[in-house]
Amino acid sequence: MAKASDVKTGNVLRFNGELVTVEEFIHRTPGNLRAFYQARMRNVKTGKIAEYRFRTDEEVEIARVETNDYQYLYDEGDFFVVMDNSNYEQFNIPKHLFGETARFLKEGMDVIVAFESDEPIMASAPTSVELEITYSEPAVKGDTSTGALKNATVETGVEIKVPLFINQGDRVKIDTRTGNYIERVK
């Protein structure tokens, strides 16, 4: 157990039996009252935000979280199978931990997974990926107004908006957080 004064933004705590990530942790000393810490925390499983005031001497449990790079191997039902690059050990990671970025995962891609006592609690794909366009609508002559976009499908099956000059077979860089086209890759 640690004191509330040892907590920092980004720590993972076991709070009311749940794992929470500390998003904001501020020390406050109002007028003639006792000092306290104001914390904004996000539940790891549900994503709900909770606010709580800790006394400066209050005991908290800081969870021991190990974060490492893994290689995405394949999709298996409700799980993604990833492999530790150092010892080749494989783990089943629930798909919901990746959120919306899961649709851009391609076999062989590096991902980051956080474990707390052998249980995966957080996972994230790279912020940008390079994928090949498997289908794109042909550009119509005269549709060259600034910023014109067309639909295209990438190799993972996701449909995105790309500029008119992108053709089938081109490789593009995509922001996995928003699903937006970034640039064409040479």
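Looking only at the stretch 108-119, count how many residues are in contact with a Phe, Trp or Tyr (Cβ under 6 Å, 6 or more places away or on another chain) and of a type outside the set (V, I, T).
Here the count works out to 1.
For E137, indicate whether it is surrounded by fewer than 16 Cβ atoms within 10 Å (Cβ to Cβ), without any contact (Cβ under 8 Å) to a residue 24 or more places away in the chain, assigned by TED's automatic domain parsing to the domain that holds N180 and acidic (D, E).
yes
Taking the stated definitions as given, is I121 closer than 15 Å to V12 by Cβ and either within 13 Å of the chain's Cα centre (by Cα) or buried (at least 18 other Cβ atoms within 10 Å of the Cβ) (or both)?
Against the criterion (closer than 15 Å to V12 by Cβ and either within 13 Å of the chain's Cα centre (by Cα) or buried (at least 18 other Cβ atoms within 10 Å of the Cβ) (or both)), I121 qualifies.
With the requirement that a residue be basic (K, R) and under 18 Å from the mean Cα position of the chain (by Cα), what does the stretch 156-184 give you? Show your work before the answer.
Initially, the stretch 156-184 is screened for residues basic (K, R), giving 161, 171, 173, 177, 184.
Correct list: K173, R177.
Quick one: count up the residues across the stretch 158-167 that are surrounded by fewer than 16 Cβ atoms within 10 Å (Cβ to Cβ) and either assigned to a strand (DSSP E or B) or in contact (Cβ under 8 Å) with a residue 40 or more places away in the chain (or both).
Qualifying residue count for the region: 4.
Any residue at all in the stretch 130-150 that is within 13 Å of the chain's Cα centre (by Cα) and either farther than 19 Å from T21 by Cβ or at pLDDT 90 or above (or both)?
No, there is no match, as no residue in the stretch 130-150 is within 13 Å of the chain's Cα centre (by Cα) and either farther than 19 Å from T21 by Cβ or at pLDDT 90 or above (or both).
Go through the stretch 14-47 and give me each residue that's among the charged types (D, E, K, R) and within 15 Å of I121 (Cβ to Cβ).
Going residue by residue through the stretch 14-47, those that are among the charged types (D, E, K, R) are 14, 18, 23-24, 28, 34, 40, 42, 45.
R14, E18, R42, K45, listed by residue number.
Just checking, which of D84, D75 is within 30 Å of K173 (Cα to Cα), surrounded by 12 or more Cβ atoms within 10 Å (Cβ to Cβ) and either touching a helix residue (DSSP H, G or I) at 6+ places or on another chain (Cβ under 9 Å) or assigned by TED's automatic domain parsing to the domain that holds R171 (or both)?
Among D84, D75, only D75 is within 30 Å of K173 (Cα to Cα), surrounded by 12 or more Cβ atoms within 10 Å (Cβ to Cβ) and either touching a helix residue (DSSP H, G or I) at 6+ places or on another chain (Cβ under 9 Å) or assigned by TED's automatic domain parsing to the domain that holds R171 (or both).
Limited to the stretch 39-74, what total is found for residues that are in contact (Cβ under 8 Å) with a residue 24 or more places away in the chain and either closer than 25 Å to T156 by Cβ or acidic (D, E) (or both)?
Here the count works out to 13.
The values are calculated or read from the model by the stated rules, or taken from the named source; none is laboratory data. Remember, it's a predicted structure, so these values are computed and weren't measured experimentally. Positions of Cβ are generated from backbone atoms using ideal geometry, with glycine treated the same way; all protein chains shown enter the neighbour counts.
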